[in-house]
1. So, in segment 328-346, of the ones that are in contact (Cβ under 8 Å) with a residue 12 or more places away in the chain and out of contact with any strand residue (DSSP E or B) (no Cβ under 7 Å at 6 or more places or on another chain), which residue ends up most open to solvent (accessible area, probe 1.4 Å)?
2. Any chance segment 25-48 includes a residue that's open to solvent by less than 10 Å² (accessible area, probe 1.4 Å), over 25 Å from Leu276 (Cα atoms) and acidic (Asp, Glu)?
3. Just a yes or no: is a residue in segment 420-441 assigned to a loop (DSSP other than H, G, I, E, B) and aliphatic (A, V, I, L, M)?
4. Restricted to segment 163-172, and to residues that are in contact with a strand residue (DSSP E or B) (Cβ under 9 Å, 6 or more places away or on another chain) and not basic (Lys, Arg), which residue is surrounded by the fewest Cβ atoms within 10 Å (Cβ to Cβ)?
5. Would you confirm, using the coordinates I've provided, whether Asp60 is open to solvent by 20 Å² or more (accessible area, probe 1.4 Å), among the acidic types (Asp, Glu) and in contact with a Ser or Thr (Cβ under 8 Å, 6 or more places away or on another chain)?
6. Out of (1) without any contact (Cβ under 8 Å) to a residue 60 or more places away in the chain; (2) of a type in the set (Ser, Thr, Tyr); (3) surrounded by fewer than 20 Cβ atoms within 10 Å (Cβ to Cβ), the odd one out for Ser84 is which?
7. Residues being over 27 Å from the mean Cα position of the chain (by Cα) and open to solvent by less than 20 Å² (accessible area, probe 1.4 Å): count how many of those fall in segment 249-260.
8. Can you name every residue in segment 231-248 that is modelled with pLDDT under 95, buried (at least 20 other Cβ atoms within 10 Å of the Cβ) and in a loop (DSSP other than H, G, I, E, B)?
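The values are calculated or read from the model by the stated rules, or taken from the named source; none is laboratory data. Since the structure is predicted, the reported quantities are computational estimates derived from the model, not experimental observations. Methodologically, a virtual Cβ is constructed for each residue, glycine included, from the backbone with ideal geometry; neighbour enumeration extends over all protein chains shown. When the accessible area is computed, the model is the full protein with side chains, heavy atoms only, and any ligands, DNA or RNA have been set aside. Shrake-Rupley method; radii C 1.70, N 1.55, O 1.52, S 1.80 Å.
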Amino acid sequence: MPFDIHIIGGGLAGSEAAWQLAEAGLKVRLSEMRGGGDTTPAHETDRFAEMVCSNSFRSDDAENNAVGLLHQEMRTLGSLIMRSADQHRVPAGSALAVDRDAFALEVTRAIAGHPNIIVVRERVDALPGHPTILATGPLTGSKLAEAIAAETGQGALAFFDAIAPIIHRDSVDMDICWMAARWDKGGKDYINCPLDKEQYEAFVQALRDGEKTEFKDWEKDTPYFEGCMPIEVMAERGVETLRFGPMKGVGLDNPRTGRWPYAVVQLRQDNALGTLWNMVGFQTKLKHGEQVRIFRTIPGLENAEFARLGGIHRNSFINSPRLLDEQLRLNSKPNIRFAGQITGCEGYVESAAVGLIAARFATAELRGETLPPLPTETAIGALLNHITGGADEESFQPMNVNFGLMPPLPERFRKADRKKAYTDRARERFAAWQAGQRAVEPV
């Protein structure tokens, strides 16, 4: 089938970009190497938009949280990723978490069934000369990565991303654990495993002493992303680090004691059936045998059965502020747009959002039109601005969407009202932007 634009990569960004373009009436060729004889160290299937780490899109609170605001903006723009997430969400308090298998299957069916999309299971090793959105993600194939480096003259930045284990629900001892969300927000959506001071300190020491995955020589100097730090690396930073991070007991009343636990391990539902639960914040590079041994010392998990153990994989991204223009085009080869994590955004929903706006820019360009940039006061606009020039080139690092990426508020607000003020302003600016670009709405 002849096509108007080529998408390389069928992750969250590539899937969203393909959907937006196809819905706008353009013919799309979507190339995905999984299913064509190739795979990555982190993926387990050949489905589109497979979630390889957490199953959470984080907060869905559009009034007080930047990522919740991003969800809202994407829904307004007809996001396939958000529609599929909403259809397959599982209980997670105020967060949007999904049954990852059902979610990926939903996206795959939508993409494969769209009359304007042709899916080709192939590995692309060179930068095309036709209109393209490159959304190959943090595990870009080595030959294509070499082609990008040759074109840009810039070495790819890289860091490691870790994956949390998943536990079978029926192996958790609920005589010790209990169901609750922090501060009772959103219902009793988390399983909480309490630790007293002695148990916590022994656990931290076990993490420090546990045998870790060995890195190859070329990997040893690769830094971690602070937002996805392995649990044992946090433990090395001090005995109290975890207790004020993913293991904090604040706001969780243990019904058996009437008190907050000294520390807690939380499990979050991972599938619609409620049979699989992931360990929140427990990304790890411990060897598999060590994970089983150490995590079974957690009260309530003594007999835990693991559906998946944690792991670690390399994550690469380009220096987008230096290499891309304001519409995500490669300065030296403007027929190529980049989208997703390879641009230096971090997080599932951020990756999809960049795929969405890259497709919107491409749609306008292919129609001979110009899409006005989103205001930096909006969630998508703030994220885009960070990637394409708002961040310092020399210190550029992956970033989740947050209010700190938006311009400061013009007037003073009480701390309790500040987040709401950001989201109110963002919605006003977003509505004005959308009203001014109806010409590029999907047809």
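1. Ser332
2. No: zero hits.
3. Restricting attention to segment 420-441, the residues satisfying the condition of being assigned to a loop (DSSP other than H, G, I, E, B) are 436-437, 441.
Restricting the remaining residues to those that are aliphatic (A, V, I, L, M) gives none.
Among the residues of segment 420-441, not one is assigned to a loop (DSSP other than H, G, I, E, B) and aliphatic (A, V, I, L, M), which makes the answer no.
4. If we take residues in segment 163-172 being in contact with a strand residue (DSSP E or B) (Cβ under 9 Å, 6 or more places away or on another chain) and not basic (Lys, Arg), then His168 is surrounded by the fewest Cβ atoms within 10 Å (Cβ to Cβ).
5. yes
6. Of (1) without any contact (Cβ under 8 Å) to a residue 60 or more places away in the chain; (2) of a type in the set (Ser, Thr, Tyr); (3) surrounded by fewer than 20 Cβ atoms within 10 Å (Cβ to Cβ), only one is false for Ser84: (3).
7. Result for segment 249-260: 1.
8. Passing the criteria: only Pro246.
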